1. Would you check which residues across the stretch A:1-41 are loosely packed, with under 15 Cβ neighbours inside 10 Å, assigned to a loop (DSSP other than H, G, I, E, B) and within 22 Å of the chain's Cα centre (by Cα) and list them?
2. Could you list, in sequence order, all residues of the stretch A:141-156 that are surrounded by fewer than 19 Cβ atoms within 10 Å (Cβ to Cβ) and more than 10 Å from residue B:178 (Cβ to Cβ)?
3. When residues of the stretch A:13-31 are filtered for being more than 16 Å from DNA strand D (Cβ to nearest atom) and aliphatic (A, V, I, L, M), how many remain?
4. Is at least one residue of the stretch A:87-94 near DNA strand C (Cβ under 9 Å from one of its atoms), more than 17 Å from the chain's Cα centre (by Cα) and within 14 Å of chain B (Cβ to nearest Cβ)?
5. Only one of (1) farther than 28 Å from residue A:24 by Cα; (2) without any contact (Cβ under 8 Å) to a residue 12 or more places away in the chain fails for residue A:172. Which number is that?
6. Checking the structure you have, find out if any residue of the stretch B:141-152 is facing chain A (nearest Cβ under 8 Å), in a loop (DSSP other than H, G, I, E, B) and in contact (Cβ under 8 Å) with a residue 12 or more places away in the chain.
7. Can you spot a residue in the stretch A:128-137 that is at pLDDT below 95, more than 16 Å from DNA strand C (Cβ to nearest atom) and hydrophobic (A, V, I, L, M, F, W, C)?
8. In the stretch B:51-65, is there at least one residue being more than 16 Å from DNA strand D (Cβ to nearest atom) and at pLDDT below 95?
Protein chains: 2
Amino acid sequence: MSVAEAPGLPPLTPRVREIVSAALALLEEHGAEALTMRRLAEQLGIRAPSLYKHLAGKSELETAVIAVGFEDLATALEGAAGETGGRGPGGGLARLGSAYREFALARPHLYRLMNERPLARELLPPGLEDRAAAPLVATVGGDPDLARAAWAFAHGMIMLELNDRFPPGADLDAAWQAGLRGFARGAIQ
Amino acid sequence: MSVAEAPGLPPLTPRVREIVSAALALLEEHGAEALTMRRLAEQLGIRAPSLYKHLAGKSELETAVIAVGFEDLATALEGAAGETGGRGPGGGLARLGSAYREFALARPHLYRLMNERPLARELLPPGLEDRAAAPLVATVGGDPDLARAAWAFAHGMIMLELNDRFPPGADLDAAWQAGLRGFARGAIQ
DNA sequence: GTCTATACCCGGATAGAC
DNA sequence: GTCTATCCGGGTATAGAC
């Protein structure tokens, strides 16, 4: 975990890093409902009011957690985009899609927190959102509309999977392939 | 509004219909957080405990609201699929996508409730989910994987729009077009 | 079928002592 | 920087009188 200092984030003292780290663990293990000031304090062996000596409140805490999420996501996608090889057209996009899906399924509560509310861009480290988006934009050849459509497809697949909204026998790998085929036609290989 | 009688739904007495109707209004006007037993009772001019004479609890109420949502959605999509005309390839899919998007944007809180949790299929009127899905499956030529991919694209676009997750200047109509182009290639026109 | 009263959870946040 | 005590709000649900 690493978080850059930023205007809307709490001052990153060592103790604050511990707190944010504990919050991330709590979120990932037990979901957003479990991320309360009381439970977080309990996890740290202190009382809830003590947290307010380090953080302005819960939303500041959430912003810090979200920033960590975007840094980890950006790193994962950059890694996938950097891989070489792959078999034929769509290879780059398929790898990127797999990396995105794996991130979301491995850390579903974090993924939800990152995407279920408006992004507080002014509070995040500058350039972080662009860093996370860059690999996809490059892979589809720089067309921002196509990149947004591909992102929406991936996000929709993930949310419907996480929410258990597909019918019981659905073949999700096949659906991913069917979707990516369409986007790959507009992409640089 | 009309709800079919079904195993997991409350008995549809006239009074229950009033309650479900009021719950739907509360949800659509003020969001999911506003749909509480207290506020619902207040809307109806009674006290919260009185609701439990009609309904087993809140989740039964939500199931009834969701059933109404799927009936309205199915009706809207059947209407869009039934329209004739349209200009060239992708016309059918584009009309269907527009109808789906319009439903979601017009009734965002209902749309969220319908999609943000596992579908309690066994509690809904039999065949209702299939009825809502049929127009899309038919439009993409009967391929269920392609239909799921197209659904995921639409759902992703809608959720990212509702959650205000696209960057400020994003051209969402252009993104819809870019996405639908890919799916239309596999569709019957 | 409605009421009052109530029990029981949960949450975020503050004041002021140490 | 931590504590205790407390305030405020919210929620689902039940018991028992009318």
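1. A:1, A:2, A:4, A:5, A:7, A:31, A:36
2. Those that are surrounded by fewer than 19 Cβ atoms within 10 Å (Cβ to Cβ) and more than 10 Å from residue B:178 (Cβ to Cβ): A:141, A:142.
3. Residues flagged as more than 16 Å from DNA strand D (Cβ to nearest atom) and aliphatic (A, V, I, L, M) within the stretch A:13-31 amount to 4.
4. Within the stretch A:87-94, the first condition is being near DNA strand C (Cβ under 9 Å from one of its atoms), and the residues that meet it are none.
Scanning the stretch A:87-94, I find no residue that is near DNA strand C (Cβ under 9 Å from one of its atoms), more than 17 Å from the chain's Cα centre (by Cα) and within 14 Å of chain B (Cβ to nearest Cβ), so the answer is no.
5. (2)
6. Yes, the conditions are met somewhere in the stretch B:141-152.
7. Checked the stretch A:128-137: no residue is at pLDDT below 95, more than 16 Å from DNA strand C (Cβ to nearest atom) and hydrophobic (A, V, I, L, M, F, W, C).
8. So far as the stretch B:51-65 goes, no, none of its residues is more than 16 Å from DNA strand D (Cβ to nearest atom) and at pLDDT below 95.
The values are calculated or read from the model by the stated rules, or taken from the named source; none is laboratory data. This is a predicted model, so every value here is computed, not measured. Counting neighbours? That spans all protein chains shown, and the Cβs are built from the backbone with ideal geometry, glycine included.
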